[in-house]
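Novice: Would you mind keeping the following structure in view while I ask a few things?
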Amino acid sequence: MTTKRIEAVNDFVVQFANVNGSGSASANELFARSFLRMGVPVSPRNIFPSNIQGLPTWYEVRVTERGHLGRRGGVDLMVAMNPQTWDADLAAIESGGYLLYDSTRPLPPSKFRDDVNAIGVPLTEMCNAAYDDPRERQLLKNIMYVGALAALLGLDPAVVAELIGEQYRGKEKLLTPNLDAFRKGWRYAEENLENAIGLRARRAAQVGERIFVDGNSALALGFVYGGATVCAWYPITPSSSVADAFTKYCAKLRIDPETGERRYAIVQAEDELAAVGMVIGAGWNGARAFTATSGPGISLMTEFIGLAYFAEIPVTIVDVQRGGPSTGMPTRTQQSDLLACAYASHGDTKHVLLFPEDPHECFDFAAQALDLADRLQTPVFVMTDLDIGMNQRLCAPLAWDDARRYDRGKVMRADELEAAADFGRYLDVDGDGIPYRTLPGAHPTKGAYFTRGTTKNAWARYSEKGADYVENVQRLLRKLETAKALVPAAVERRADASAASPCPIGAIFYGSTSPAMAEAVESLQAIGCPIDTLRVRAFPFGDEVARFIETHDTLFVVEQNRDAQLRMMLVNELGVDPARLRPVLHYDGTPITARFIAGAIAKQLAAGNVRPLGRPAAPAIASAPARAKPKEGSAAPSAARGRVA
């Protein structure tokens, strides 16, 4: 073992390199939850292939008592259980880091690095000696390495045993061998690997009341809270679990207590076009309805989305974004559907988009999207991505208020129709672009209208007059202006909250980039580069977005797509000089890292000789130590693939 070692307490990155279908997922999650039970925040991310079995998969656990929930970049401890990716996994380890591997079969010195501490545990040999069934051996090997890791890192064995007990409660045939495998791994490390690692876990009290939940589950519960009673969907990764979770929550919360009848409808449609058609029909009929999909589904839905926009029918659409175009990378994350959703369908369209940063905002924005769709009578998109949707994250508890009332918008009741002299479905009575609507059956003789996707006048009568068309589409723009005051405002963070004026340098970002951005800002601050930030939470952009751009000399737009889509929208909608907005782009399908953001911004500042607040030019962020070049083939998740323009 080399003398150089990374030494850290409650601040390191562990990555598991496994084979998909080997049963490692539950063991790796158990490892992550053990830290939470000890009061230490973690942020795990599952990076998995799109096949069922056989291809490489990684599970990364960020352990940090300081509470950073984004990916840092780099790996301090690699648990290498996949021979296919050995070389790339070895190359990903920080100099002075650690490699835990199955030492049943000896490996030549060429398979190791001089600056990485190798820790061998004969896992296969131990499992073969203790268990007879081949499948059981594979599954218990995963729990065995968790036991070895727990001993090496100083995790409380009682905590891990308690979690195993909870996982297999009522399943004694599974509980007993899993506990046995955990103890065997623990015992081996205790007896053979004393002081083999400089990374330590220590009890803390930094988790508090926060909950550990994935974004798709939070979205589903938010839709229940927001009053959704109809969901139509077609399975597609990474959004399918939204409908699955909605089904589970409705079975608990949408059952009539007196009759036992279900007060909801969930339909798995034959395709995405049918799914969105069903929820548009439900919205027209007065139900709160949503569908959940990903980029390819949005492509199929665009014709119906245009109908809902032009006929002004409320509908909520969740886009859990993944890598595109076409089939793209079904199990990788990106923020690559902004343009497709903001301007979905042919002709002149603009849609409301919401950008939650974590599961807590997924819950809030799901409920708010239903209100906005009703208030604005239009499609509303909730734009998450695989990183938020399918990875569990610590977040503030979800706030459920039984006194909450739904905002149904401008819906005329029977008494209002009776008192009204006239009803024009598309009349802009209030000047806010939002007309009044009626629901089927509201009045026996009044309030009826023909719903059409063709050009019409204010009374919903077919018209090909240019003036009628122009008035209609201009009114839709007025509605979008009204939406600016209704959608969540962007959140600004000053580098110096007490300063009278903003910092000269600013960065704009959104969605799942948020946790990595927060840590990157800290890193830049530490080297003398204070940066103000603006987290965009919705489109159309509020006035605060334009003000932020106007008051900063140097601006970066950080996003996870190739074409700088948010930057394009800022230029298009606000008339910003494109040269003022410098893109920082990450799009290899893995979640963006703090190191990538900080390094990219520091590099541009140094190249442009930009001096924050009169200080010397920004020094470069220290990059990760040089690593061995991986051989061709499967590559471990990288923190540095992308483009800085």
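The values are calculated or read from the model by the stated rules, or taken from the named source; none is laboratory data. A quick note: this is a predicted structure, and the numbers were derived from the prediction, not measured. Positions of Cβ are backbone-derived with ideal geometry, glycine not excepted, and every protein chain shown enters the neighbour counts. Quick note on the areas: whole protein, heavy atoms, side chains included, nothing else; ligands and nucleic acids left out. Shrake-Rupley method; radii C 1.70, N 1.55, O 1.52, S 1.80 Å.
Novice: Count the DSSP beta bridges whose two residues both fall in the chain, then state the antiparallel fraction as a percent rounded to the nearest 5. Don't skip to the answer; put the middle values down first.
Specialist: Values: 30 of 82 bridges.
Antiparallel bridges make up about 35 percent of those DSSP assigns within the chain.
Novice: Tell me the per residue accessible area of the range 216-316 using a 1.4 Å probe; a whole number in Å² is fine.
Specialist: Numbers: 3710 Å² over 101 residues.
Spelled out: the 1.4 Å probe surface of the range 216-316, per residue, equals 37 Å².
Novice: I'd like to know which of Trp233, Met569, Ala292 lies farthest towards the positive end of the charge dipole of the chain, counting +1 on Cβ of Lys and Arg and -1 on Cβ of Asp and Glu.
Specialist: Sorting the options by dipole projection puts first Met569.
Novice: Further question: Farthest toward the dipole's positive end in the chain, which of Met144, Leu486, Thr590, given Cβ charges of +1 (Lys, Arg) and -1 (Asp, Glu) about the Cα centre?
Specialist: Met144
Novice: Let's see if you can work this out: charge +1 on each Lys and Arg Cβ, -1 on each Asp and Glu Cβ, no other charges. What is the dipole magnitude of the chain about its Cα centre, in debye to the nearest 20? Walk me through the numbers before you get to the answer.
Specialist: Details: 70 positive and 75 negative charges, 163 e Å.
Computed about the Cα centre, the dipole is about 780 debye.
Novice: Taking the range 212-395, how much of its Cα-Cα pair set, in percent, is spaced more than 19 angstrom apart? Display every interim value, and only then the final one.
Specialist: Values: 8724 of 16836 pairs.
Across the range 212-395, Cα pairs with separations above 19 Å total 52 percent.
Novice: Then there is this: Rounded to whole Å, give me the distance from the Cα center of the range 94-143 to that of the range 306-337.
Specialist: The distance from the Cα centre of the range 94-143 to that of the range 306-337 comes to 42 Å.
Novice: With just the Cα atoms of the range 332-398, tell me how far they stretch along each of the three principal axes, in Å, largest first.
Specialist: Principal-axis extents of the Cα atoms in the range 332-398, largest first: 41, 30, 12 Å.
Novice: Would you kindly derive the ³J(HN,Hα) couplings of the range 256-273 from the backbone phi angles with the Karplus curve 6.51 cos²θ - 1.76 cosθ + 1.60 (θ = phi - 60°), listing them in order in whole Hz, with x for Gly and Pro?
Specialist: After applying 6.51 cos²θ - 1.76 cosθ + 1.60, I find 4, x, 8, 9, x, 6, 6, 10, 7, 9, 10, 10, 8, 7, 6, 6, 5, 5 Hz.
Novice: Something else about it: Got the relative contact order for the range 212-395 handy, in percent, Cα pairs under 8 Å and 6 or more residues apart? Before the final figure, lay out each step's value.
Specialist: On the way: 426 pairs, mean separation 56.5, N = 184.
Computed over the range 212-395, the figure is 31 percent.
Novice: When you count, for each residue, the other Cβ atoms within 10 Å and take the mean per peptide, how do 546-558, 33-45, 381-393 rank with the highest first?
Specialist: Working: 546-558: 18.6, 33-45: 21.8, 381-393: 27.7.
My ranking of the peptides, most packed first, is 381-393, 33-45, 546-558.
Novice: Give me the percent relative contact order of the chain, please, defined on Cα pairs under 8 angstrom at least 6 residues apart.
Specialist: Numbers: 1387 pairs, mean separation 86.8, N = 645.
Computed value for the chain: 13 percent relative contact order.
Novice: Which net charge results when you count Lys and Arg as +1 and Asp and Glu as -1 among the other residues whose beta-carbon is under 14 Å from that of Gly431?
Specialist: It works out to a net charge of -1.
Novice: Given a 1.4 Å probe and heavy atoms of the protein chains only, how would you sort Val429, Val318, largest accessible area at the top? Intermediate values should be presented prior to the final figure.
Specialist: Details: Val429 100, Val318 0 Å².
Final ranking, largest accessible area leading: Val429, Val318.
Novice: Roughly how many percent of the accessible protein surface of the range 414-486 is carbon and sulfur, given a 1.4 Å probe and a whole-percent answer?
Specialist: On the way: 2270 of 4070 Å².
Summing carbon and sulfur atoms, their accessible area is 56 percent of the total for the range 414-486.
Novice: Something else: Within 10 Å of each candidate Cβ there may be at most 13 other Cβ atoms; applying that plus a DSSP loop requirement, which trypsin sites (Lys or Arg not before Pro) in the range 258-298 survive?
Specialist: Details: sites: Arg262, Arg263, Arg288; in loops: Arg263, Arg288.
Taking the range 258-298 and a limit of 13 other Cβ atoms within 10 Å, the loop trypsin sites (Lys or Arg not before Pro) found are Arg263.
Novice: Another question, then. Any chance you could check the Cα centroid distance between the range 354-400 and the range 405-458 for me, in angstrom?
Specialist: Measuring centre to centre over Cα atoms gives 29 Å.
Novice: In addition: Within the range 55-117, which trypsin sites (Lys or Arg not before Pro) sit in a loop by DSSP and count at most 13 neighbouring Cβ atoms inside 10 Å? List each step's numbers first, then the result.
Specialist: Details: sites: Arg62, Arg66, Arg71, Arg72, Lys111, Arg113; in loops: Arg66, Arg72, Arg113.
Here the trypsin sites (Lys or Arg not before Pro) that fit, given the DSSP loop and packing criteria, are Arg66.
Novice: Could you order the peptides 202-210, 484-492 from most to least packed, using the average number of other C-beta atoms within 10 Å per residue? Walk me through the numbers before you get to the answer.
Specialist: Values: 202-210: 13.1, 484-492: 16.8.
Highest to lowest by the protection proxy: 484-492, 202-210.
Novice: Something else now. Which percent of Cα pairs goes in each bin when the distances of the chain are cut into 10 angstrom slices starting at zero?
Specialist: Cα pair-distance distribution for the chain, in percent: 3, 15, 23, 23, 18, 11, 5, 2, 0.
Novice: Just to confirm, what accessible area per residue do you get for the range 113-185 at 1.4 Å probe, in whole Å²? Don't skip to the answer; put the middle values down first.
Specialist: On the way: 3170 Å² over 73 residues.
Heavy-atom accessible area per residue stands at 43 Å².
Novice: Cβ under 10 Å from Asp256's Cβ, Asp256 left aside: what net charge do those residues give with Lys, Arg +1 and Asp, Glu -1?
Specialist: Working: positive: Arg254, Arg262, Arg263; negative: Glu258, Glu261.
It works out to a net charge of +1.
Novice: Just to confirm the number: angle between the C-alpha axis of helix 295-311 and the first principal axis of the chain, 0 to 90 degrees, nearest 10?
Specialist: Around 20 degrees separate the two axes.
Novice: Taking the Cβ of Tyr309 as the centre, find all other residues whose Cβ is under 12 Å away and add up their charges (Lys, Arg: +1; Asp, Glu: -1). Could you put the intermediate results ahead of the total?
Specialist: Values: positive: Lys350, Lys479; negative: Glu303, Glu312, Asp348.
That works out to -1.
Novice: Can you work out the Karplus-derived ³J(HN,Hα) for every residue in the range 343-349? Use 6.51 cos²θ - 1.76 cosθ + 1.60 with θ = phi - 60°, whole Hz, and x for glycine or proline.
Specialist: 10, 4, 5, 7, x, 8, 10
Novice: If I take every Cα pair under 8 Å that is 6 or more residues apart in the range 413-561, average their sequence separation and divide by the length, what percent do I get for the relative contact order?
Specialist: Values: 209 pairs, mean separation 31.6, N = 149.
The normalised contact order for the range 413-561 reaches 21 percent.
Novice: Which peptide among 367-375, 166-174 comes first, and what is the full order, when sorted by highest mean count of other Cβ atoms within 10 Å? Please list the in-between numbers first.
Specialist: Values: 367-375: 25.1, 166-174: 11.3.
The most tightly packed comes first, giving 367-375, 166-174.
Novice: Can you send over the carbon and sulfur percentage of the accessible area for the range 212-395, probe radius 1.4 Å, protein chains only? Present the calculation step by step, with values, prior to reporting the outcome.
Specialist: Working: 2870 of 5590 Å².
For the range 212-395, the apolar C and S fraction of the accessible surface comes to 51 percent.
Novice: Then there is this: For the range 358-365, take each phi angle, set θ = phi - 60°, evaluate the Karplus expression 6.51 cos²θ - 1.76 cosθ + 1.60, and give the result in whole Hz per residue in order, putting x for glycine and proline.
Specialist: Values, residue by residue: 7, x, 4, 6, 4, 4, 4, 6 Hz.
Novice: What is the angle, in °, between the Cα long axis of helix 240-253 and the longest principal axis of the Cα atoms in the chain? Nearest 10 is fine, range 0 to 90.
Specialist: 70
Novice: Could you tell me how far the Cα centroid of the range 484-520 sits from the Cα centroid of the range 193-240, in Å?
Specialist: Measuring centre to centre over Cα atoms gives 24 Å.
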